[in-house]
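S.K.: Structure incoming, see below.
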Amino acid sequence: MKAKTLKGSSKIGKILQNMGSILLFLVIWELAVHIFDIREAFLCTPSSAVYHLLVPQPDANYHWSVNILTTLKEYVISFAFVAAGGIALAILISWSKTIQGILMPAFIFICSLPMIAIAPILLIWIGYGLKTNVLVAFLVSFFPMVINTITGLGAQDKQLLDLVRYLGANRWQVLLKIQLPGALPYIFSGLKISSSLCIMGVIVGELIASDKGLGYVIVNAQLTMDTPPMFASLIMMSLLGWGMYLLVSLCERLLTPWNFVKERVDS
Amino acid sequence: MEEKKTLLSIRDLKKVYTTREGELEALGSVSFDVGRQEFVSIVGPSGCGKTTLMRIIAGLMPQTSGELIVDKDYFDPQKDVGFVFQKALLLDWRRVIDNVLLPIEILKLDKKKYIPRAMELLELVGLKGFEKCYPNELSGGMQQRVSIARALIHDPKLILMDEPFGALDAITREKMNFELLRIWAESKKTVLFVTHEISEAVFLSDRIIVLSARPSKMVGNVEIELPRPRTLEQKLLPEFNRYALDIYNKLEVK
Ligand SMILES: Nc1ncnc2c1ncn2[C@@H]1O[C@H](COP(=O)(O)OP(=O)(O)OP(=O)(O)O)[C@@H](O)[C@H]1O
Ligand SMILES: [Mg+2]
């Protein structure tokens, strides 16, 4: 008798469905602008936003490769710090019950703070540019990551710890063999939440003060009520956030394969 | 005689849990010996402290008072114990084979050398061909059998089994009983076996320790003098039933 796992073939169908609904939305938008004859200074068509992205722009402020790369770089740096730092700090905190007892309430408090409000203060302290934007993004998305990971590290059935302790497992073995693998689903849900918070933080930093980046494009285009680059920028932001989310989901699939086999086999 | 040597000696072992409602006496002074290569069962009503006793023997928690003496020359309480828990407790993220090999990793032994042994054990518990599955692809009884293979992988001298067959159906249970006896006889292991099933205890054991309800006292220490190897026919013998009746009486089942 051989165990077999069935592949979900409805997966592709679901993706097509999602794409279809997005496409439908864009078509309605495009038609609405034409039919109701909306001024471009108020709302542009999606096609003109995409067109803006695709043709070379004479205005240096609208050089998309520079702006996209700037935002992408800030996003990747801050998200990498959030992921690595969040997991590391969570492990350290979960190491000691006392530290956990002291820090967790503080963290939950910080989490409920609208971190974005800190951006103008950071601007005074650090000045504008990559560092500030990265820091804003970090602060906005770091604490949910830590809290999720700590929850995951403590979520194991206590008896699973007995399973290795009776064989004299040390702390590292308990962490590496039981706690960390068991926390992976929590870590990935933390990463998913943080990935969208993080791009938001980067953009907020750019909106407040920057000389390049997708957030800067919006602020700059607003001055002249030039809507196509504004919507083009929005499209790119959502693509960046979506891309990171997909990347996290892909890693999740690779690193927690047991969560993706659901068919049971009976003897 | 070699097999009369004591492996484990339990002297006035007591366990009091401190709970929110106050003190709870789980084990009220239990004493007995387990000889090398002996098959000893522990029976007693639910909540009388059988799991507690096993956990103390495995070194997972300290006793409140009393002594636990082991023959340290023959036996290392850390490396030479295999524990089959009441629940299967498999690691969801490991394939069946890697679950079986977990003790090898914890004891830092050469994992590669134990792979053939792991396959053998899986075949023994009737799970050949499932080694690449994840635990959530197996039924409850199959998971429990994986946990039995896991407890045997590092070739422990003492096997602690806490109602290992509770989740199995009657037929599989009967088969597993035979397998267990075969492993025990071949590998000269010592088994301490907790069960609720009196006839299972009589069928398997050299000796049965009978515990009373909480706070538990030892109310019986019954030698089972049925010849080995045990057979199904023995279950119909008057002696077999006399042993069972004797234990029921000690448990004050009326
Ligand atoms: N960690 C604990 N803290 C407090 N009380 C406990 C703890 N573990 C067990 N007990 C109590 O100790 C008593 C004995 O529990 P134990 O699990 O050893 O019983 P058992 O004989 O294994 O029962 P069963 O046959 O139902 O598995 C029970 O009354 C239980 O409530
Ligand atoms: Mg129990």
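The values are calculated or read from the model by the stated rules, or taken from the named source; none is laboratory data. Here the structure is a predicted model, which is why all the values come from computation and not from measurement. When we count neighbours, we look across all protein chains shown, and the Cβ atoms used for this are built from the backbone with ideal geometry, even at glycine.
S.K.: For region B:127-153, what are the residues that are over 16 Å from residue B:92 (Cα atoms) and within 9 Å of another protein chain (Cβ to nearest Cβ)?
M.R.: B:127, B:128, B:129
S.K.: Is at least one residue of region B:178-188 more than 14 Å from chain A (Cβ to nearest Cβ) and β-branched (Val, Ile, Thr)?
M.R.: yes
S.K.: Regarding residue A:137, is this residue more than 14 Å from every other protein chain (Cβ to nearest Cβ) and under 30 Å from residue A:259 (Cβ atoms)?
M.R.: yes
S.K.: Could you please let me know if residue B:70 is aliphatic (A, V, I, L, M), in contact (Cβ under 8 Å) with a residue 12 or more places away in the chain and farther than 26 Å from residue A:164 by Cβ?
M.R.: no
S.K.: Filter the helices (runs of 4 or more DSSP H) completely within region B:135-207 down to those with at least 1 residues that are buried (at least 20 other Cβ atoms within 10 Å of the Cβ) and within 16 Å of ligand 1 (Cβ to nearest atom).
M.R.: The qualifying helices (runs of 4 or more DSSP H) are B:140-152, B:198-204.
S.K.: Being within 16 Å of ligand 1 (Cβ to nearest atom) and under 15 Å from the mean Cα position of the chain (by Cα) narrows it down to one of B:20, B:55, so name that one.
M.R.: After ruling out the rest, the residue left standing is B:55.
S.K.: Are there strands (runs of 3 or more DSSP E) fully within region B:1-77 with at least 3 residues that are within 16 Å of ligand 2 (Cβ to nearest atom) and buried (at least 19 other Cβ atoms within 10 Å of the Cβ)? List them.
M.R.: Ranges flagged: B:22-35, B:39-43.
S.K.: Inspect region B:244-252 for any residue being β-branched (Val, Ile, Thr) and free of Cβ contacts under 8 Å to residues at least 60 places away in the same chain and give the result as yes or no.
M.R.: So far as region B:244-252 goes, no, none of its residues is β-branched (Val, Ile, Thr) and free of Cβ contacts under 8 Å to residues at least 60 places away in the same chain.
S.K.: Only residues that are facing another protein chain (nearest Cβ under 9 Å) and not charged (D, E, K, R): list them for region B:97-126, please.
M.R.: Within region B:97-126, B:102, B:103, B:106, B:107, B:126 meet the criteria.
S.K.: Considering only residues that are buried (at least 18 other Cβ atoms within 10 Å of the Cβ) and either farther than 21 Å from residue B:38 by Cα or out of contact with any helix residue (DSSP H, G or I) (no Cβ under 8 Å at 6 or more places or on another chain) (or both), which ones fall in region B:216-250?
M.R.: Within region B:216-250, B:216, B:218, B:250 qualify.
S.K.: Find all pairs meeting these conditions: Cβ atoms under 8 angstrom apart; at least six residues apart or on different chains; first residue within region B:37-56 and away from chain A (no Cβ under 14 Å) and over 12 Å from residue B:207 (Cβ atoms); second residue within 13 Å of ligand 2 (Cβ to nearest atom) and assigned to a helix (DSSP H, G or I).
M.R.: Qualifying pairs under 8 Å: B:44/B:50.
S.K.: Just to be sure, is residue B:86 in contact with a helix residue (DSSP H, G or I) (Cβ under 9 Å, 6 or more places away or on another chain) and within 16 Å of ligand 2 (Cβ to nearest atom)?
M.R.: Yes.
S.K.: Let me ask something else about it. From the list B:109, B:127, B:90, which residue is in contact (Cβ under 8 Å) with a residue 40 or more places away in the chain and crowded, with 17+ Cβ neighbours inside 10 Å?
M.R.: B:90
S.K.: Still on this structure: Could you tell me whether residue B:25 is more than 16 Å from ligand 1 (Cβ to nearest atom) and more than 14 Å from every other protein chain (Cβ to nearest Cβ)?
M.R.: Considered against the rule, which asks whether it is more than 16 Å from ligand 1 (Cβ to nearest atom) and more than 14 Å from every other protein chain (Cβ to nearest Cβ), residue B:25 comes out as no.
S.K.: Do you know which residues across region B:155-169 are at pLDDT 90 or above, more than 12 Å from ligand 2 (Cβ to nearest atom) and of a type in the set (D, E, K, R)?
M.R.: B:155, B:157
S.K.: Quick check on this structure: which one of A:79, A:25, A:109 is touching a Cys at 6+ places or on another chain (Cβ under 7 Å), assigned to a helix (DSSP H, G or I) and not hydroxyl-bearing (Ser, Thr, Tyr)?
M.R.: Residue meeting the stated conditions: A:79.
S.K.: Test residue B:202 against the stated conditions and say whether it is more than 16 Å from ligand 2 (Cβ to nearest atom), away from chain A (no Cβ under 14 Å), farther than 25 Å from residue B:5 by Cβ and touching a residue at least 24 places away in the same chain (Cβ under 8 Å).
M.R.: Considered against the rule, which asks whether it is more than 16 Å from ligand 2 (Cβ to nearest atom), away from chain A (no Cβ under 14 Å), farther than 25 Å from residue B:5 by Cβ and touching a residue at least 24 places away in the same chain (Cβ under 8 Å), residue B:202 comes out as no.
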